[in-house]
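Here is the structure we will look at, set down as structure tokens.
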Amino acid sequence: MLDRRRSHAPAPVALSPGQVRALQRADRVRGRWVVRAVALYSLIGWLVVIIALARLGISAPVVASGIAIGVIGAALFASFLTPSAWVGAIVVVANTAVVTALTHVFGTDASIELQLFPIGFSTFLLVPPEYIRVRAALATMTALVFGALQFVAPPIAERAPFDADQLERTSRVSNLLAAATVLVLAWLVQRRFMTARRIFEGAALYGELRAATDELTGLVNRRPVQARLEELERTGRTDYAIAVLDLDNFKDVNDAYGHECGDRAIQTVAGVLSDCFRDVDLVSRWGGDEFVVVLYRVLPSELASTLERVRVAVENTWYTWDGKDRTVTVSIGGAIARTGRTPMDCLAAADDALYRAKEAGRNRVILADRFGPATESRRMPSTSD
């Protein structure tokens, strides 16, 4: 049974190379502001801790931590002067140094060393992805420092003027702060990942559309039609019809007025086809002045009138060239799907009907089934008529 639940994930949007570059520039700018925000957050947080320690008379970590805090402040200032990728790395190293100094003073019972987890995780946000070795080195560094502190730092440092209850409360605060910081960083990393994925998918979709789109008319080219015919054969559907159209006396137009005038005529016809057929129908430029249309859910009794309306619409549409209004006509061949007729047979039957429309005087619609299956000629649509 088919799953009819709707997905709430936004569909990817095709992005041109210019749009990709613009989004990448905007993402880099946001990345720099994230680095500045994390640096400012670290600077304010550690300053509050150092001031509190100084008021308690604990001077041991003040010098080392003060130097690290000064480095974070310098990195924050430098981030406004140059978009250096090393600013984030400096922030990670300085934060690691502050945590190391504080853990040596308070011991591991205060759980201050747990701040190394969000610091290590922030590496993947603060350092650009192209610096993968730097990311790996910094993440490894924080992990090694955390492991070393478990052996080097005493459980309860003698210089810490806290009793067991105070250390327990400090440990809880440190645990909550580490968990909250990791969650915020994970959300930011996810946002960056989704942005990068959107850019990648948009660029890939743009490439696919370019490969499947005719540049002159904006219609799809023969590749999507061939894929659709293969799908129809695979599923065994018979509720479709195929029409093949091409411009009458197109070679004369090119010879008399030039290929640019011929291109204008092709674009005019393509515009009429886009307006006349439904969104569910697949309208394509097969090549040259020839078009192929796959119509869905069309009754055999409706096909002739539908294609006739298209022929009349083309005949009554004018385009301007060399200051003069000009018109063009088309011949159309159609074939309805039926049991025992493969999609390629249906396409060949429609093309055979087009050939008969040309022989009958052009600017007309002929259906294959009015004179039986097109078995005499299996000529595929071409651009030579």
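Listed here are the strands (runs of 3 or more DSSP E) enclosed by the range 314-385 that have at least 3 residues being under 28 Å from ALA256 (Cα atoms) and modelled with pLDDT of 95 or more: 330-336. Pairing residues of the range 291-307 that are in a strand (DSSP E or B) with residues that are of a type in the set (Gly, Ala, Ser) and crowded, with 24+ Cβ neighbours inside 10 Å, at Cβ distances under 6 Å and at least 6 apart in sequence or on separate chains, gives VAL292/SER284; VAL293/ALA243; LEU295/ALA241. Per the conditions (1) in contact with a helix residue (DSSP H, G or I) (Cβ under 8 Å, 6 or more places away or on another chain); (2) not assigned by TED's automatic domain parsing to the domain that holds GLN115, the sole criterion not satisfied by LEU185 is (2).
Evaluating ASP239 against the criteria (1) surrounded by fewer than 20 Cβ atoms within 10 Å (Cβ to Cβ); (2) farther than 20 Å from GLN226 by Cβ; (3) in contact (Cβ under 8 Å) with a residue 40 or more places away in the chain leaves one unmet condition, (2). Consider the range 237-265 and keep the residues that are part of a loop (DSSP other than H, G, I, E, B) and of a type in the set (Asp, Glu). The one that is nearest to ARG297 (Cα to Cα) is ASP239.
Applying the criterion of being among the small types (Gly, Ala, Ser) and exposed (fewer than 12 other Cβ atoms within 10 Å of the Cβ) to the residues of the range 152-211, the residue that is modelled with the lowest pLDDT is ALA164.
Quick one: which residue in PHE106, PHE124 is in contact (Cβ under 8 Å) with a residue 60 or more places away in the chain, among the hydrophobic types (A, V, I, L, M, F, W, C) and either surrounded by fewer than 20 Cβ atoms within 10 Å (Cβ to Cβ) or closer than 22 Å to TRP187 by Cα (or both)?
Values: PHE106 fails: either surrounded by fewer than 20 Cβ atoms within 10 Å (Cβ to Cβ) or closer than 22 Å to TRP187 by Cα (or both).
Selected residue: PHE124, the only one of PHE106, PHE124 that is in contact (Cβ under 8 Å) with a residue 60 or more places away in the chain, among the hydrophobic types (A, V, I, L, M, F, W, C) and either surrounded by fewer than 20 Cβ atoms within 10 Å (Cβ to Cβ) or closer than 22 Å to TRP187 by Cα (or both).
Checking each residue in the range 212-236 for being buried (at least 17 other Cβ atoms within 10 Å of the Cβ) and more than 30 Å from ASP263 (Cβ to Cβ) picks out only LEU232. Consider VAL93 carefully, then state whether it is within 22 Å of ALA139 (Cβ to Cβ), assigned to a helix (DSSP H, G or I), touching a Ser or Thr at 6+ places or on another chain (Cβ under 7 Å) and at pLDDT 75 or above. The answer is no for VAL93. On the basis of being more than 30 Å from PHE124 (Cβ to Cβ), of a type outside the set (Asp, Glu), at pLDDT below 90 and assigned by TED's automatic domain parsing to the domain that holds ARG356, does GLY287 make the cut? Criteria met by GLY287.
Matching residues to (1) over 22 Å from ILE50 (Cβ atoms); (2) outside the structural domain of GLN190 (by TED's automatic domain parsing); (3) in contact with a helix residue (DSSP H, G or I) (Cβ under 7 Å, 6 or more places away or on another chain):
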{"residue": "VAL63", "(1), (2), (3)": "no, no, no"}
{"residue": "ILE67", "(1), (2), (3)": "no, no, no"}
{"residue": "ALA75", "(1), (2), (3)": "no, no, yes"}
{"residue": "THR82", "(1), (2), (3)": "yes, no, no"}
{"residue": "ILE90", "(1), (2), (3)": "no, no, yes"}
{"residue": "VAL98", "(1), (2), (3)": "no, no, yes"}
{"residue": "SER111", "(1), (2), (3)": "no, no, yes"}
{"residue": "PHE121", "(1), (2), (3)": "yes, no, yes"}
{"residue": "PRO129", "(1), (2), (3)": "yes, no, no"}
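For the range 316-346, a tally of residues being acidic (Asp, Glu) and exposed (fewer than 14 other Cβ atoms within 10 Å of the Cβ) returns 2. Of all residue pairs spaced 6 or more apart or on separate chains, those with beta-carbon atoms under 6 Å, a first member in the range 18-35 that is in contact (Cβ under 8 Å) with a residue 60 or more places away in the chain and a second member that is of a type in the set (A, V, I, L, M, F, W, C) are VAL20/ILE199; VAL20/ALA203; LEU23/ILE199; VAL35/VAL87; VAL35/LEU126. Within the range 31-45, being modelled with pLDDT under 85 and either touching a Lys or Arg at 6+ places or on another chain (Cβ under 7 Å) or under 14 Å from ARG191 (Cα atoms) (or both) holds for one residue alone: GLY31.
The values are calculated or read from the model by the stated rules, or taken from the named source; none is laboratory data. Since we're looking at a predicted model, the values are computed, not measured. FYI the Cβ positions are ideal-geometry reconstructions off the backbone, even for glycines, and counts take in every protein chain you see.
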